[in-house]
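What follows is a short report on a single structure.
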There are 2 protein chains.
Amino acid sequence: MEVQARAPGKIILAGEHAVVHGSTAVASSIDLYTYVSIHFSTPSDNDDLLKLVLKDTAVEFSWPIGKIKQAFPESAAPLSATPNSCSVENAKSIASLVEQLDIPEAKFGLASGVSAFLWLYTSIQGFKPATVVVTSELPLGSGLGSSASFCVALAAALLAFTDSVSLDLKHKGWLSFGVKELDLVNKWAFEGEKIIHGKPSGIDNTVSVYGNIISFRSGTLTHMKSNLSLKMLVTNTKVGRNTKALVAGVSERMLRHPDAMAFVFSAVDSISKELTTVLKLHTPDDLSVTEKEEKIEELMEMNQGLLQCMGVSHATIETVLRTTLKYKLASKLTGAGGGGCVLTLLPTLLSGTVVDKVVAELESCGFQCFIAGIGGGGVEISFGASS
Amino acid sequence: MEVQARAPGKIILAGEHAVVHGSTAVASSIDLYTYVSIHFSTPSDNDDLLKLVLKDTAVEFSWPIGKIKQAFPESAAPLSATPNSCSVENAKSIASLVEQLDIPEAKFGLASGVSAFLWLYTSIQGFKPATVVVTSELPLGSGLGSSASFCVALAAALLAFTDSVSLDLKHKGWLSFGVKELDLVNKWAFEGEKIIHGKPSGIDNTVSVYGNIISFRSGTLTHMKSNLSLKMLVTNTKVGRNTKALVAGVSERMLRHPDAMAFVFSAVDSISKELTTVLKLHTPDDLSVTEKEEKIEELMEMNQGLLQCMGVSHATIETVLRTTLKYKLASKLTGAGGGGCVLTLLPTLLSGTVVDKVVAELESCGFQCFIAGIGGGGVEISFGASS
């Protein structure tokens, strides 16, 4: 029995930081995925292990099923249909299992992901021996939602064979879930995100599950489908950020300059709303694709200026901005700022030669570039041989 | 008979561009001056010429007084006490005089300054032969108010020996005017600015005449004196700007994004108001000098972000920002943007070594650096030998 799930990463198109202070933000899926495949051992495999293979970091962990059973005495029955949070008791058991792994210091960041894995696996599948293989096109910890897409793909793959979802096991290729099933995947993924991040906003897993574009404000999410097929160059500056410190910095600036910052947040709110309007417009009735792209570029430039006003830019971000500006391309940071990733719109009519030049120049600065389509579908599943 | 006048340049500390849309802006004098000295020929000089020597550009113009008399048949009497605008008739005469100068193409920019000179000179002093020597510490056409400081120093020097002002001719060193006389200098200087710029705002000449700091909004000026002795590094990117096009660009962006831009302008208004509050605070009662400087740095950074949001930054400006940021110094463009000058606050406790390093690095980029004190006095006059 084998199943593979893939779940997309996300970017913030507009409104990061300001959203914490009541403004609208807009997030989108990107067609870069985390893949989770599960091969459940058969009795003939004569294998009584739960194995987790993280291909990108070339790390493999395994636990004898007996040891896992011992660690979770309460979880006698799998709970696929009723996502619930990790209890303090279980968190302790997981911490002890993870500690024993002797994860090398350089890969400490993996510990929380392994913890989320143990919780989701045992909660949904109980104590079945299996090998779980994870690969991802998303850089870790750079604001592209890698952890959420991992939790989403994992939850989807784990739920695929349970009674909680009904899927056509004979379908060839990628298969979508129904809305009710997506909701269930989303709830489980959110539980995983809580283990990794403590207090996640839930945006990342929601975008990864449902795909497309989501605008959100004060905890209210609005799903929408773009009528525009946008391409973004995503540049990873590889500078690690302290998201909490950046968010706190903006709040402190707001306390020091309440009037000015309130206007700045309102300006961002207007920009996010304008952006959703442009994305929803029908082409060619309202605006040509080029006109829409120009509008979006201007909104990105404006949003970036406002983020600089909040104090969350960074020297590496400025380097990306300067480099892309040379080619008359508009860019903005995405996510927390202070490093992380920068978005650059690649207009439909832009020649491949220019894209190659920009990418080469950015990579020569030590950055990592991805080209990503915006607003595609969410989590999907595939049965049989892994692709 | 010899007199020398000096008039300071200006910078915009906050609010450029937004002021066009109703926000408050703050301008300040800088202690970089244009010097105008006039030596009136005595009969023994046996000289019947009006000479204008522009030392910085190594250009000298001269007109036989007879020719000037011919050109201005109406200006029979000097008009020092009643500043008035150049009539169409006189403008034609001036244009014809300037045309005959055969100004080399590279120095075409001087033509409007020479025109203003001819108008102010003949209006205030009539047809006296003299040699007028101009030197300036201000770069031309880079937004530091060089033309206004020229008009102000010229008007002051021309008025010094007229009945319209009463000054102690025996005073040694620099001497200030009384308020009534400053008002007269300002009106004449504004007439000169009109010849150079067409429709000047009047801010540049006003700052140059009265010195200190002026906040302005919707045409209302408020004079104030700073309680803080600030030093700025002024970096001239040497990139020429088209101020009209930049102003028009902001207005067009406002038409495209009325809501967002209205909030941006309001944010700038708050920043300008906060800045004037900080500048007026008494030390050490309210805040220490360092605390004030930190506030000002933050306001500058915020204002710069908002200017980027308006779309008036430039690659060279970003280079200055990145360079100064490396030394943890805050910068913003000043004036129209799109090149021009950038301000960097030099905190009181900053070591001279760091300043030298920053300046060296900026100059290695091809920029020109000035260190300027902010908010000093306005136009002054000195009799006797030129200093």
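We did not get these values from a lab; they are worked out from the coordinates using the rules stated. It should be emphasised that the depicted structure is a prediction, and the values quoted were computed from it without experimental measurement. FYI the Cβ positions are ideal-geometry reconstructions off the backbone, even for glycines, and counts take in every protein chain you see.
Over segment A:130-180, how many percent of alpha carbon pairs lie in each 5 Å bin up to the one with the longest distance?
4, 16, 23, 22, 18, 12, 5, 0
Label residue A:168 and residue A:281 with points 7 Å out from Cα along Cα→Cβ: what is the distance between them in nm?
Here the answer is 3.8 nm between the modelled labels.
Can you list which of the GluC sites (Glu not before Pro) found in segment A:29-105 are DSSP loop residues with at most 16 other C-beta atoms within 10 Å? Kindly include the intermediate steps, with their values, before the conclusion.
Working: sites: A:60, A:74, A:89, A:99, A:105; in loops: A:74.
Taking segment A:29-105 and a limit of 16 other Cβ atoms within 10 Å, the loop GluC sites (Glu not before Pro) found are A:74.
Using all C-alpha to C-alpha distances in chain A, build P(r) with 20 Å bins and read off the rounded percent in each one.
All Cα pairs considered, the percentages come to 28, 55, 17, 0.
Mean-square fluctuation check for chain A, GNM, Cα pairs under 10 Å: which of A:207, A:264, A:234 is largest?
Judging by the Gaussian network model, the answer is A:264.
Set the bar at 19 Å for Cα to Cα. Now go through A:231/A:280; A:280/A:328; B:10/B:194; A:326/B:328; A:292/A:328; A:225/A:273 and name every pair that lies beyond it. Walk me through the numbers before you get to the answer.
Numbers: A:231/A:280 16 Å; A:280/A:328 25 Å; B:10/B:194 17 Å; A:326/B:328 26 Å; A:292/A:328 16 Å; A:225/A:273 14 Å.
Check vs 19 Å cut-off fails for A:280/A:328; A:326/B:328.
Over segment A:289-368, what per residue volume does the convex hull of the Cα atoms give, in whole Å³?
Values: hull volume 6.5 nm³, N = 80.
Convex hull of Cα atoms, per residue: 82 Å³.
When only Cα pairs under 8 Å and 6 or more residues apart are kept, what is the percent relative contact order across chain A?
On the way: 758 pairs, mean separation 108.8, N = 387.
Relative contact order of chain A: 28 percent.
What span do the alpha-carbon atoms of segment A:160-267 cover on each of the three principal axes, reported in whole Å from largest to smallest?
Projected onto its principal axes, the Cα set of segment A:160-267 covers 60, 35, 31 Å.
Per Stokes-Einstein, at 20 °C and 1.002 mPa s, what whole-number D in µm² s⁻¹ belongs to segment B:57-200, with the Kirkwood radius over Cα pairs as the hydrodynamic radius?
On the way: Rh = 15.9 Å.
The calculation lands on 135 µm²/s.
Sort A:188, A:119 so the one with the fewest other Cβ atoms within 10 Å of its own Cβ comes first. Intermediate values should be presented prior to the final figure.
Details: A:188 29, A:119 26.
With the fewest neighbours first, A:188, A:119 line up as A:119, A:188.
List nothing, just return the count: lysine pairs in segment A:47-165, 8 or more apart or interchain, with Cα separation under 14 Å. Walk me through the intermediate numbers first.
Numbers: A:51/A:67; A:51/A:128; A:55/A:107; A:67/A:128; A:69/A:128.
For segment A:47-165, the number of qualifying lysine pairs is 5.
In the calculated pair distance distribution of segment B:99-141, what percentage of Cα-Cα distances lie above 11 Å? Spell out each step's value before the answer.
Numbers: 673 of 903 pairs.
Value for segment B:99-141: 75 percent of Cα pairs lie more than 11 Å apart.
Based on the Kirkwood radius over alpha-carbon pairs, what value in µm²/s does the Stokes-Einstein equation return for the translational diffusion coefficient of segment B:123-216 at 37 °C and 0.692 mPa s?
On the way: Rh = 14.2 Å.
The estimated diffusion coefficient comes to 232 µm²/s.
Please list the non-local residues whose amide H lies under 5 Å from the amide H of residue B:136, H modeled 1.01 Å from N, same-chain partners needing a gap of 5 or more.
B:35, B:56
Using r as the Cβ-Cβ distance of residue B:57 and residue B:245, and R0 as 35 Å, what FRET efficiency do you calculate, to the nearest 0.05? Walk me through the numbers on the way to the answer.
Details: r = 26 Å, r/R0 = 0.73.
Given R0 = 35 Å and the Cβ-Cβ separation, E is 0.85.
What residue among A:113, A:66, A:141 has the largest mean-square fluctuation in a Gaussian network model of chain A, using Cα springs under 10 Å?
A:66
In the neighborhood of residue A:176, defined by Cβ-to-Cβ distances under 13 Å, what is the net charge if each Lys or Arg adds +1 and each Asp or Glu adds -1?
Details: positive: A:6, A:180; negative: A:168, A:181, A:380.
Value of the local net charge: -1.
Taking residue B:238 in one copy and the same position in all the others, each labelled 7 Å out along Cα→Cβ, what are the pairwise distances from the first, in nm, shortest first?
For residue B:238, the other copies' label points sit at 3.5 nm, shortest first.
Taking the alpha carbon gyration tensor of the protein assembly as shown, what are the square roots of 5 times its eigenvalues, largest first, to the nearest whole Å? Before the final figure, lay out the partial values.
Working: eigenvalues 948, 120, 82 Å².
So the three semi-axes of the protein assembly as shown are 69, 24, 20 Å.
Identify which of A:320, A:133, A:59 has the largest mean-square fluctuation in a Gaussian network model of chain A, with springs joining Cα atoms closer than 10 Å.
In the Gaussian network model the winner is A:59.
Give the Rg/Rh ratio for segment A:1-138, taking Rg as the radius of gyration of the Cα atoms and Rh as the Kirkwood radius, to two decimals. Could you put the intermediate results ahead of the total?
Numbers: Rg = 17.4 Å, Rh = 16.9 Å.
Value, to two decimals: 1.03.
What do you get when you divide the Cα radius of gyration of segment A:1-52 by 2.2 N^0.38 Å, with N the number of residues?
On the way: Rg = 19.3 Å, N = 52, 2.2 N^0.38 = 9.9 Å.
Scaled against compact globular proteins, the figure is 1.96.
Please identify every one of the chymotrypsin sites (Phe, Trp or Tyr not before Pro) in segment A:315-387 that sits in a loop by DSSP and has no more than 16 other beta carbons within 10 Å of its own beta carbon. Don't jump to the answer; show the numbers that get you there.
On the way: sites: A:327, A:367, A:370, A:383; in loops: A:327, A:367.
Passing both the DSSP loop test and the Cβ count: A:327.
Quantify how strongly other chains surround peptide A:294-304 by giving the mean number of their Cβ atoms within 10 Å of each of its Cβ atoms. Provide the component values of the computation, followed by the final result.
Working: counts 1, 2, 0, 0, 5, 3, 0, 6, 10, 2, 3.
Mean partner-chain Cβ count within 10 Å for A:294-304: 3.
Binning at 10 angstrom from zero up to the longest distance, how are the C-alpha pair distances of segment B:69-153 distributed in percent?
Per 10 Å bin, starting at 0, the Cα pair percentages come out as 15, 46, 34, 5.
Please report, for residue B:259, the nm distances (one decimal) from its label point, 7 Å out from Cα along the beta-carbon direction, to the equivalent points in the remaining copies, shortest first.
Nearest to farthest, the other copies are at 2.4 nm.
Can you list the copy-to-copy distances for residue A:111, using a point 7 angstrom from Cα toward Cβ, in nanometres, shortest first?
Computed spacing set for this position: 7.5 nm.
In chain B, which longest range has no trypsin sites (Lys or Arg not before Pro) that are both DSSP loop (not H, G, I, E or B) and surrounded by at most 16 other Cβ atoms within 10 Å? Display every interim value, and only then the final one.
On the way: sites that count: B:55, B:170, B:172, B:225, B:238, B:328.
Longest site-free region, per DSSP loop and neighbour criteria: B:56-169.
Of all DSSP beta bridges in chain A, what percent run antiparallel (nearest 5)?
Details: 57 of 62 bridges.
Here the antiparallel bridges make up roughly 90 percent for chain A.
Using only the Cα atoms of segment A:179-333, construct the convex hull and provide its projected area averaged over every direction, in square nanometres to one decimal. Could you put the intermediate results ahead of the total?
On the way: hull surface 43.7 nm².
If I average the Cα hull's projected area over directions, I get 10.9 nm².
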